[in-house]
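Data first, discussion second: the structure below is written as C-alpha cells.
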Amino acid sequence: MRVVLFHTILINFFVSLGDITQKGYEKKRAKLLARYIPLIQGVDPSLQTENRVPGTSQATAVVSKQQKSHSTNSRDERFRSDVHTEAVQAALAKYKERKMPMPSKRRSVLVHSSVETYTPPDTSSASEDEGSLRRQGRITSTPFQSHSNVEPWLNRVIQGSSTSSSASSTSSHPGGKPAAASSTATATAAATVLADLMAHIQLDNHSAPPDVTTGLMEHLHHERPQVASVRGVPRGYNSSILETGDGVPVNSRVSSKIQQLLNTLKRPKRPPLKEFFVDDFEELLEVQQPDPNQPKPEGNQMNVLKGEPVGVVTNWPPSLLAALQRWGTTQPKAPCLTALDTTGKAVYTLTYGKLWSRSLKLAYTLLNKLTSRNEPLLKPGDRVALVFPNSDPVMFMVAFYGCLLAELIPVPIEVPLTRKDAGSQQIGFLLGSCGVTLALTTDACQKGLPKAQTGEVVTFKGWPRLIWFVIDGKHLAKPTKDWHPQLRDASAEIAYIEYKTSKEGSTVGITISHASMLAHCHALTQACGYSEAETLTNVLDFKRDAGLWHGVLTSVMNRMHVISIPYALMKVNPLSWIQKVCSYKARVAVVKSRDMHWSLLAQRDQRDVSLSSLRMLIVADGANPWSISSCDAFLNVFQSRGLRPEVICPCASSSEALTVAIRRPPELGGPPPGKAVLSMNCLSYGVIRVDTEEKLSVLTVQDVGQIMPGAKVCVVKVDGTPYLCKADEVGEICVNSGTTGMAYFGLLGITKNVFEAVPVTATGVPVSDQPFTRTGLLGFMGPDCLVFVVGKLDGLITVSGRRHNADDVVATALAVEPMKFVYRGRIAVFSVTVLHDDRIVLVAEQRPDASEEDSFQWMSRVLQAIDSIHQVGVYCLALVPANTLPKAPLGGIHISETKQRFLEGALHPCNVLMCPHTCVSNLPKPRQKQPDVGPASMIVGNLVAGKRIAQASGRDVTQLEDNDQARKNRHGILLKLTDVLQWRAQTTPDHPLFLLLNSKGTVASTASCMQLHKRAERVAVALIEKGRLNAGDHVALVYPPGVDLIATFYGCLYAGCIPITVRPPHPQNLATTLPTVKMIVEVSKSACILTTQVIMKLLKSKEAAAAVDIKTWPTILDTDDMPKKKLANIFRPTSPDMLAYLDFSVSTTGILAGVKMSHAATSALCRSIKLQCELYPSRQIAICLDPYCGLGFALWCLCSVYSGHQSILVPPLELESNVSLWLSAVSQYKVRVTFCSYSVMEMCTKGLGTQTDMLRMKGVNLSCVRTCMVVAEERPRIALTQSFSKLFKDLGLSARAVSTTFGCRVNVAICLQGTAGPDPTTVYVDMRALRHDRVRLVERGSPHSLPLMESGKILPGVKVIIAHTETKGPLGDSHLGEIWVSSPHNATGYYTVYGEEALHADHFTARLSFGDTQTIWARTGYLGFLRRTELTDASGERHDALYVVGSLDETLELRGMRYHPIDIETSVIRAHKSIAECAVFTWTNLLVVVVELEGSEQEALDLVALVTNVVLEEHYLIVGVVVIVDPGVIPINSRGEKQRMHLRDGFLADQLDPIYVAYNM
C-alpha cells in the first residue's frame, strides 16, 4: 500500500509542476491503482457503514427483553441510552468507511498481539446498522451533498490535485517514498488519502481551522499523502470573520463607523511608519468569534424556588448523639448495622446498645488514655483521621460516633495501600493542613499497611507523621463510673470533615457542623419518609456522601437497620444487593447506576428474587446524564419481579451542599417524574432547547425530584458574578438551607466564593439577605419545581467558548462498539490547556486481545462520533494496556491522577492518536508578506526611526602591521605561505612548529621548520616524478589528522599542485564514508591521491569495491617511504590571486561544495588570525579540531607556518579512548589559547562531568587558559558553553575564557574572540519577533525570550553588513537579515557546488541594491544582526557585536514566518527527561519532529503528546509527524552539527528503524 501511495504522491507532484496533463494523470492513476482495487475492497464488511437513516427515537426507547439480553453484552448500559447509541451509529453511518494512516510501531513496542493476527471483529453485536457506502472499483470518497459550501475544495482534495510546492528551502523534496508505517503496519493500514478523512471530520464545525500550511493564498495545498500532510483550508472559508487593518478579527456585523472609532482609539500618538516597516511580531492568537447564529436564552429571569417547609416533630432529639443515646439505652437490642463478608454471609450485626457502649469506650480512651509527654494527646476540637476499609462498616461507625462523643472531629479517608496510591499525596496534604496527628484503624487494616524496617507504618508521600491507634475492643478502656460524655445540643461547631478531590486533583476538606448534620438528617427523614425500625440496604461508600448520610447518620436518627454491602462483594456477586433486599425485606435501597447495571448483567441466573418490599430505590448518582438509561433498563427487567416504577428515586447531591434534591414517591406527595430530550448543541451554549428535528445529538435527562424541605434554590451563571439565569438557561444550582456544609477547612478565599455566594438579579439586586452555597451541579428548573441536572462543574470542558460535559463524551465513546476493543467503564475524559484553550483528551484501557488495527479503527470511529454528536474535536485519544490506569478507591478511574500522568509523560499508552490539526483553531493568522517595501524605503524608515544601518568592521589591518616585515616582499605584498616556510627553514630551522599527541597523551610526531620544509620537498618530487603531475593539477590528500597531512599540503604547493584535504574513510563503516571520499575526488577533478599505505590498501580492498567502483580511482601514491631528494625549484605563483587550495565540505543541508582559496586570501587569513590572537613564535596553542575544511584546516595546517607559533595537535578521534586528553594537554603545556569543536566540548562535558576531582588530583589545571574558542558555523550553543565553563571552573577555568568563532564557506574566519577586546556579550531577544525577521531585545526570563551570545570579535580587515534576503538592501539594527562579508581573506568563488550550481551564482559577488552599491560582498548564507554595545574596544570606539541566529538554508518557512530548527528542538528536548536529542525538518509543509528516546520503549508513545503540546505552546506550530528513534540515529557532522537533510532523506526512504511514528491528524 505504501508503494501505491508513493506513486500517487509522485504523480500528484508532477501535476503540480505542470510536467503531466490532467488527462495523463487520470490515466496513470487508474493504471496504477487497478491491481490494488480488490485489496482495498476487501476491507472487513463489519467495519463499513451503510447509508442508513436512523429511525425516529422516542425520549427514551424501551427495549424488549429479547433485544435487551442481546445487547447487554455489547455495550455499557451505564453510559448508554438507546437514543444515544442509535444516534452514534447513525452519525458513523454518515461517514464513508475510511482508514487513517496507522502509526508505525516497532515490534518490540507492541504490547498486544501483533497485527498479523488480525481477525475481523464480531459482526453480531454492534455492526448491524453499518454496511457499505463504497461503490465497486472506487476508492475516492463521496462528498456530502448537504455541505455545498465545502464541496468544491473537497472535490479537489479527493482528486488529489496539488497546486502547491513547498514553501521552505528545505521542504521541496520530491524524492524518496513517504515514511509509511514500517513493516509491522499492514497493507490495509491506509487505503485512502488522509484528506478524505480530514475533510469529513469537521464539516459540521462553524469555524474552519486556520490554514496550517504556508498561509500563501495562491498555494492552497490540498494534496493529502497517506502518511502525513495537513489539511489546507482556504482563508476565506469562514465568512463570518473580517479583519481590520492591523490584523485583529472583527465581527462582520459590527458597524464600520464604530470600528473606525475603535481603530482611532487604538492608534498611538505618533503615527507609525507603516510604509517603511510593519511591527507585526506581536502574534495575536485567534480569538474565537461568537457564532452569530448560536442559540441565546430567551426566557424570563427565574425566581428563587422554595422547598416544602420542614415538618415539626414533637420528640425530635436536640442532636444526633442524643438520638444515639436514646436508642442505645432504650432499644439496646435493636439491630443497627449488619456487615457482610465477600461471600454475602452476615458476619456481624451491631446493635444500638453495642454501638453506644463501644463509642463511649472509644471516646473515653481517646480523651484519657492517650498521652504525649504526660499531656493528653488530644483535646476537644482536634481532628482525627479515620482509616477503615470498605469491608468494615461496624468499626467505622464506632470510630465515627466515638469521635463525636469525645468532641473530636473525624476526617474519614481511604486506606492507603501503597506509598504511590493515586491521589494519596493530596490526602496527605489535607491531613497536614487539618493538623491531624492521630489515625484510627482496625487491627486487620493496620497489619495490611506497608511497614518501615522499624515495624511502624511507613510515612506516606506528602503525609504528616501519624500515630496509628487500633480501636479493636482489647485496646479500649472501660470508662470510669463518674465519666459521662457531654451531649450538647447541635451547634455551629464542626462535627466532621468530608474530603473532596477537585478536577485538578487537589483535595479539600469540607466542614459540616453539628447543626447542619442534624438538619440534614431531619430533611432526609421527611423527604424519604423514613420511619423507625425500617431496613435499608446500602451499597455506597459509608465514609462519605450519600452512603454516610443515609447509612450512618439518618439511619441512627430513625433507629433503622442498615445492611451494608461491601464493594468486594459486589465485584464477586453483582446481584448481592438485590438478594439482600429480598431476604431482609428492605424498604429502602441506596445504590448507584453502576450497581443497577451490574445486576442487569447477572440477573439471568436469578429467577426467584423479589423487589416488592422496596418503597424507595434511591439512585445516588441520578444527576449523571447517563443514569437514566440504567434506571429505565433496570425497571424494564425487574418490573416483572415486583419493582414498581414509582419506587426509583434519583437524587442530586454535592459535597458542599449535601443532598440538593430527591424524587419522592407519589405516596409522599411527589409529582410525576419528568424527562427532557435536549439539543446537545444548544446545551453547549448553555441554552435549553427541547430537540425537535435533529435526532442525532440529543441528551435525554431525567429529573432528580424536588428540592429538599426547608431549602431555597436558584440557578446562577457559571462564570463571574452569580447573576440569576433565565428560565431556559443552564447554570450552576445554588442552595440556601441549614443543611449545607460550612467551609473548606483552612481555605478562606475559595470558601467565600462557594459557601457565601450572593445571587443577584440582572439589575444587580441581591435575591436574599442570606448567602447561598454553590453546588457544583449544572442544571435548570423544570415544571412542578423539578430539578434537572445536565452535568457537573468538575466535568465541564470549555472548548472555544462552548461547554461540553466529560460524561457525555464518555457516553458517546462507549456507544461505538466498546466491548470489542476497550474495557467498559475504564474510560477517562478530561481537558488539558494547550494554547489558551481546553483540549479534550480521551484515555481508555485496551483489551489485550484487540489487534493494533482494530483498536486504531475504533479510535478513528470514536473521533468521528464525538465530532458528529458534540461538534467538537478530540485533541488526543490514547489507549493504555489493561489495568494500568490509576484507580479511585471504589473502582472507577482516578481522573486527576490520569491527567497528571498524561501531562508528565508517565501514562505509557500502547496506542495514541493526536488530532491537533482538527482541534486547534486559534493559531495566529499566517503572516502576509508586506508588498512594495523597497530597500530605499527601508533605509529612510530606519533613518526616520533613529535606527542606524547595521554594518561593522574589524580593526584596520594597515594600522596594525607587525614588525615582522620578513613576511612581505619588497613591494609590501604579503608573501605566499611557501615563501614563509622556506624563510623559516633558513632562519629558525630547529624551531618546533607542530607537536602531535596520541591517545595516551605522549608525543606521536613533531615537525620543526626545517623538517617540514624537507618533507614537503620530498612530496613535491614524488608528485612530479612518480605522479607525473603538472602545475595546476589537483591532488586529493587522504590522511588521518597528523603531520603527514601538513607536509603533503606544503609539498603540493611546492610542486604547484592544488591540494584538497579529504577525511579518510572509516574502516568499519566503508559503505557510508567511502562514497563521500569518491565524490570529492571526482568532483574536485583530482589527478592524484596522496595517502598512507594503510589507507591505500583500504581504497583498493574488496570491501571498498562493494561500496564504489575502485577501478576509476586516479593515481594513488603513498608517502610513507619517499626517497630523500631535493626539489630543483620550488613553484612560484605568477600572481597572488592564483589558486592555492580547494576547501571541500558538506553543509548541514547536505550540499557538497568546494571553495577556491587564492594565495593572497590564504596569507591574509593567517595574518588576521595572527593579529587577533596575538600569535608569535614564542606562543603555544592547542588545537582539538578536524583538519579537513574551514577554520579547523587553517588553524591546523596554515597558521603555525605563517606566525611561527607551536601548535599542539590533538586529533578529536583520540578523545574517544581518552576523554581528558585535550584538557590534560592544555594543562601540561600551559596553553593560553586553545581551539575545539562543539562535539569535543560535549564529549568533555558528558564524559568528565563526574571526574573533575580525579583530574584535579592528577594535576590538571586550566587557569593558564586565556581564551578557549569553539570553532563553529552555527549559532553559539550557550547552554553547552555555560555548562562547560561551570563544570571546569573547579579546575581553574576562567568564566570569561570560553567563546565561539564564526566562519562559513565564503569566509572561514569572520569572527574570533582573540586575546584582547571586550568579553563576549549575551542579549535576550523576543523569539516571536525573530520569526518576522525583526530583532526586539527583552529582559532575561521574559516569556518567549531567547538568549544569543556574540560570536566572537570581527577579525581585522573584515567588514560586515546585514542585508535583506530578498531585496538585498541594507537593514537597520532592529532587523534580522543575511550577514554579508567583505575581506581580503574571502574565498574567491566556488570551484563547484555539487547538484545546485545555479543557486549559488551570486554568493561571492553580491552588491547592495541601494546605498553603497560599489563594494563587492560575499553572502554567508547565515541570518544575524548587529548591535552596538556599551563596551569599548582597543581603539576606544564603541564595540559592535555580531550575533549569528542560524543558517538561511536550514530555516523552516511555515505560516509565512521563519523558524529556526534549533529553537523548536530546544523546546522539544525540555519536554521530557527521556528525550536525548531532537531534530526537526519540514516535509510537504508538515513539521516533522524526530526525537531520540533515552529510556525504555514503553515511554515512546508518551512523548507524542508532550512534543505536540510544547511546539504548539511555544511556537504556535502544529507538528505533523512525530518520529521516535533510538539514541544516535540523528546524524551529526564532525563539527557536531545536526545533518537534518540526511535525516530527512533517511525518513523518506524508511531507513530510520523508528520505535514509533505518529501522524497527527
Spin-label model distance (nm) - VAL415 vs LYS474, 7 Å beyond Cα toward Cβ: 1.9 nm
Three-way shape call for region 590-719 based on the alpha-carbon gyration tensor, with the a/c threshold at 1.5: oblate
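Please go through the residue pairs LYS345/LYS585; LYS571/LYS887; LYS306/LYS543; LYS1026/LYS1111; LYS1000/LYS1258; LYS354/LYS481 and name each one whose alpha carbons sit more than 23 Å apart in this structure.
Result: LYS306/LYS543 exceed 23 Å.
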Nearest-10 value in Å² for the accessible area of MET1254, using the 1.4 Å probe: 90 Å²
Protection proxy ranking of 1044-1050, 750-756 - average other beta-carbon atoms within 10 Å, highest first: 1044-1050, 750-756
Globularity ratio of region 1446-1561, using Cα Rg and 2.2 N^0.38 Å: 0.97
Long-range amide H partners of THR1392 with built H, under 5 Å: GLY1154
Centre separation in Å (Cα based) which lies between region 1306-1375 and region 1482-1533: 29 Å
Area of ARG1470 that stays accessible when all protein chains are in place (1.4 Å probe, Å², to 10): 150 Å²
Of all accessible heavy-atom area on region 396-521, the percent that carbon and sulfur account for (1.4 Å): 52 percent
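Length gain on complete extension for the stretch ASN1030 to THR1073, per 0.36 nm per residue less the alpha carbon to alpha carbon distance?
12.5 nm
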Region 1130-1223: C-alpha gyration tensor shape, a/c 1.5 cut-off, then a/b vs b/c: oblate
In nm, spacing of pseudo-spin labels at ARG641 and MET1254 (7 Å Cα→C-beta vector): 7.3 nm
FRET efficiency for THR798 and LYS1286, using Cβ-Cβ distance with R0 set to 60 Å, rounded to 0.05: 0.85
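Considering only DSSP beta bridges where both residues belong to region 424-544, give the percentage that are antiparallel (nearest 5). Walk me through the numbers on the way to the answer.
Numbers: 8 of 12 bridges.
That works out to approximately 65 percent antiparallel.
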Radius of gyration and Dmax over the Cα atoms of region 1339-1484, both given in Å: 17.7, 54
Region 740-797: C-alpha gyration tensor shape, a/c 1.5 cut-off, then a/b vs b/c: oblate
Extension gain from THR1365 to VAL832, taking 0.36 nm per residue of separation minus the Cα-Cα distance: 187.9 nm
Rg in Å to one decimal, and Dmax rounded to a whole Å, for region 378-444 via C-alpha atoms: 12.0, 34
Kirkwood Rh in Å, taken over region 1290-1336 so that all alpha-carbon pairs contribute: 13.7 Å
Cβ-Cβ FRET estimate between SER613 and LYS1473, R0 fixed at 45 Å, reported to 0.05: 0.15
Packing-based order for 618-629, 1173-1184, 835-846, 859-870, using average beta carbon neighbours within 10 Å, highest first: 618-629, 859-870, 835-846, 1173-1184
Sorted peptide list for 1127-1137, 977-987, criterion being average Cβ within 10 angstrom, highest first: 977-987, 1127-1137
Charge sum, other residues only, whose C-beta stays under 14 Å from LYS899's C-beta, Lys/Arg counted +1 and Asp/Glu -1: -3
Heavy atoms of THR1162: accessible area, 1.4 Å probe, square angstrom to 10: 10 Å²
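Compactness ratio of region 619-665: Cα Rg over 2.2 N^0.38 Å, N = residue count?
In units of the 2.2 N^0.38 Å rule of thumb, it is 1.24.
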Solvent exposure ordering (accessible area, 1.4 Å, most first) of ARG826, ARG1028, ARG1455: ARG1028, ARG826, ARG1455
Residues LYS1085 and GLN986, FRET efficiency given R0 of 45 Å [Cβ-Cβ distance, rounded to 0.05]: 0.80
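The values are calculated or read from the model by the stated rules, or taken from the named source; none is laboratory data. As the structure is a computational prediction, the values presented were derived from the model and not from experiment. Glycine gets a Cβ as well: all are built from the backbone with ideal geometry, and neighbour counts include every protein chain shown. Surface accessibility is based on the protein's heavy atoms, side chains included, excluding ligands, DNA and RNA. Shrake-Rupley method; radii C 1.70, N 1.55, O 1.52, S 1.80 Å.
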